[in-house]
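See structure below.
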Amino acid sequence: MGHKARVGALVIIVMVAAVPVSAQVDLTGTWQRVGSSDNGAAREPVDLLGMPLSADGRAKALSYDIAALSATERQCQMYPPIYAIVGPFPLQFVMVPDPVTQKLLAWKILGWGDRDETVIWMDGRPHPSKYAPHSHGGFTTGAWEGDTLTAVTTHAKLGDIKRHRGFSSDRATVTYRFNRHGDILTVTGILEDPVYLAEPYTLTEVFRLTTNPNNFPLTACEPIEELPSLHENPALVPHYLPGKHPAMNEVTERYNIPLEAVVGGPETMYPEYRKKLKDKYVMPPPCKEGCGAPPAPPPPAGRGGAQQP
Amino acid sequence: MKKAGPALLLVVCSLVSLEAQRGNPQPPRTPRASAPIDLTGYWVSIVTQDWRWRMVTPRKGDYQGVQLTSEAAKVADAWDPAKDEAAGEQCKSYGAPALMMVPGRFHITWQDDTTLKVESDAGTQTRLLRIGNVQTSLDSARDKPAETRTWQGVSQAQWLMPRPNVPLQLRPADRAADTPPLNPSGGSLQVVTRNLRAGYLRKNGVPYSENAVLTEYWDLYKRPNGEEWLTITTQVEDPQYLRNVRLTAPMFKKEPNGSKWDPTPCSSRW
């Protein structure tokens with residue numbers, strides 16, 4: 001065997017021997033939301049149950065009027081990064097390779113309609129100065145811990161965190177954990193905010209890899225005249241004064257849950273809070289509509305045109 | 001041969017690395033000794049999701065978020081806590097498919113070298129997670145007569161070890177150039193539970209059948225600030241009562257001690 005042939009053989013052995021240790025979790029693809037939690041599914045405008053809001057966070061949430069989003073300067077305001085967990089759409093993961101070495105440079109979670117994309121830098125770059133500009137998507141770095149991807153997002157703009165129920169400030173940090181088990185991806189988010197939260201707000205969502213994505217792509221946003229009153233009077237900012245939110249009592253009226261729980265706070269997410277509720281809660285009458293009933297069975301064969309065998 | 005020196009070194013390193021992964025013959029380590037993560041300690045539920053169905057007893061007939069079959073909806077609509085009490089079945093909503101969603105504290109200890117014991121203060125339940133090879137255990141279980149069905153069923157578990165921590169790359173040559181660490185951090189616990197007694201996914205009588213199969217992945221996260229969090233990805237398969245596989249992921253935070261441990265008996269109403 002010649003010298004070149006020997007070297008070539010050695011290189012091939014190296015490559016073959018290295019293959020078993022080279023695999024790592026691949027997140028590429030579209031992950032359909034399949035979790036059964038009520039993330040972002042609240043119907044009542046004031047539903048802060050289990051949200052560890054600070055006093056400022058609660059005041060901000062209760063003063064919010066969704067009509068504010070119709071103001072020209074707010075129509076293109078996007079949701080903050082945590083919306084990847086509470087929003088309704090799939091996560092589309094794309095691998096971004098270094099253009100020269102082809103090594104993994106970043107993961108990108110593509111944006112959808114009103115959520116900016118999240119770029120998770122994997123090359124060890126630092127987060128920018130706290131004085132750096134903030135964006136809707138924020139700045140995110142990631143690292144592998146075993147088979148788990150951990151990512152940290154900073155530098156995101158203010159935004160609402162539970163579909164118009166509570167806010168995160170521009171000083172918030174989100175830590176994500178991406179755990180893949182087969183075709184199941186569990187995303188855990190820990191939101192920390194010194195302005196609007198008294199304790200970390202933790203959420204999880206479960207996704208399944210799909211080959212049939214139903215996405216809602218990110219598109220350019222162009223403000224239009226949504227509410228004539230706001231267009232005619234740009235100084236007007238829709239809001240509610242303290243204690244004047246018209247939907248304040250909806251959850252209490254519908255589910256008999258005491259108002260003190262409805263407005264959130266860190267104590268509401270711990271089991272011992274049930275002791276405070278026990279003597280105040282009376283189970284409401286049976287559910288009659290919007291109860292999650294299974295779909296009605298199809299009409300019997302033979303009617304409506306179905307043929308009998 | 002001088003030019004082949006670096007390549008030869010790579011060969012040696014790779015083979016040593018590979019051999020270390022394959023492992024030389026060693027005495028078998030117990031599941032306790034080989035645990036890649038430490039789940040022991042006191043854990044508290046963090047209820048930020050499904051609050052309305054977990055922290056209070058939801059109204060009868062409210063099964064939002066659970067994809068029930070028509071048969072299951074009839075069972076849920078017939079829920080009668082007084083009847084459960086009379087039958088001594090107050091623990092129907094504390095079975096394994098529901099237990100980790102019940103707000104409470106959990107104490108995890110090693111019962112022996114192969115069994116993790118998970119105790120709940122709410123309902124004073126105990127789960128035993130027997131760690132080995134899940135598939136082998138399930139295969140052998142099929143050949144044995146069925147054990148008595150219980151609220152917590154029979155749980156077989158196995159450690160899922162992390163793979164070496166090599167950055168994902170596209171070129172094989174680049175992969176070969178990196179030296180992977182041999183002892184990567186992380187790992188998780190997979191638990192499969194069968195042999196359940198039929199019970200409730202929610203306190204208001206939303207049912208699961210005795211043929212339900214529960215699969216869980218327990219993932220630990222140690223934060224740089226010292227906090228420890230546990231996420232349990234939970235999958236309930238029950239074709240009789242569920243139209244789809246039910247997936248949830250309750251979260252827990254580790255507590256320094258058991259000072260807040262508060263055992264309470266099962267309740268059909270609260």
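The values are calculated or read from the model by the stated rules, or taken from the named source; none is laboratory data. Everything numeric here is computed off the predicted structure, so don't read it as measured data. Note that each Cβ is placed from the backbone with ideal geometry, even for glycine, and that neighbours are counted across all protein chains shown. Quick note on the areas: whole protein, heavy atoms, side chains included, nothing else; ligands and nucleic acids left out. Shrake-Rupley method; radii C 1.70, N 1.55, O 1.52, S 1.80 Å.
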Buried accessible area between B and A (1.4 Å probe, both chains summed, ligands and nucleic acids excluded), in Å² to the nearest 100? 7100
Determine the shielding of peptide A:198-204 by partner chains: average, over its residues, the number of Cβ atoms on other chains within 10 angstrom of each Cβ. 5
For chain A, the longest stretch holding no trypsin sites (Lys or Arg not before Pro) located in a DSSP loop with at most 15 other Cβ atoms within 10 Å is which? A:131-243
Could you tell me which of the pairs A:Lys276/B:Lys260; A:Lys130/A:Lys157; A:Lys60/A:Lys275 are separated by over 24 angstrom between their Cα atoms in the structure shown? A:Lys60/A:Lys275
So which residues of segment A:218-266 lose at least 10 Å² of accessible area, probe 1.4 Å, when you go from the chain by itself to every protein chain present? A:Arg254, A:Tyr255, A:Ile257
For B:Lys83, go through the lysines and keep the ones whose alpha-carbon is under 21 Å away, minus same-chain ones fewer than eight residues off. B:Lys60, B:Lys74, B:Lys92, B:Lys203
Report, in whole Å, the centroid distance computed from the Cα atoms of segment A:254-282 and segment B:38-79. 16
Rank these by accessible area, largest first, 1.4 Å probe: B:Ser34, B:Ser188. B:Ser34, B:Ser188
Average other protein chain Cβ within 10 Å of Cβ, residues B:244-255: 5
How much accessible area per residue does segment A:174-272 have, counting only protein heavy atoms and a probe of 1.4 Å, in square angstrom? 50
Over all residues in A:206-212, what is the mean tally of Cβ atoms on other chains that come within 10 Å of each residue's Cβ? 2
Per DSSP H run of at least 4 residues, take -39500 (n - 2.57); add these up for chain A, divide by its residues and hand me the 222 nm value, nearest 500 deg cm²/dmol. -4500 deg cm²/dmol
For a 29 Å ceiling on Cα separation, which of these pairs sit above it: A:Lys108/B:Lys117; A:Lys244/B:Lys254; A:Lys162/B:Lys222? A:Lys108/B:Lys117; A:Lys244/B:Lys254
So, with +1 on the Cβ of K and R and -1 on the Cβ of D and E, and no other charges, what is the size of the charge dipole of chain A about its Cα centre, to the nearest 20 debye? 820
Which residues of segment A:71-112 show a drop of at least 10 Å² in accessible area when all protein chains are present, compared with their chain alone (probe radius 1.4 Å, heavy atoms only, ligands and nucleic acids excluded)? A:Met95, A:Val100, A:Thr101, A:Gln102, A:Lys103, A:Leu104
Would you mind pulling out the separation of the Cα centroids of segment A:197-236 and segment B:219-270, in Å? 30
In segment A:102-237 the accessible area split gives carbon plus sulfur, as whole percent at 1.4 Å, a share of 53
Give the long-range amide H neighbours of A:His181: residues separated by 5 or more places, or on another chain, with amide H under 5 Å away, using H modelled in the peptide plane at 1.01 Å from N. A:Thr186
Distance-filtered residues of segment B:194-211 - backbone nitrogen under 20 Å, label point 7 angstrom along B:Arg269 Cα→Cβ: B:200, B:202-206
So which GluC sites (Glu not before Pro) in segment B:176-270 end up in coil per DSSP with only 12 or fewer other C-beta atoms within 10 Å? B:Glu227
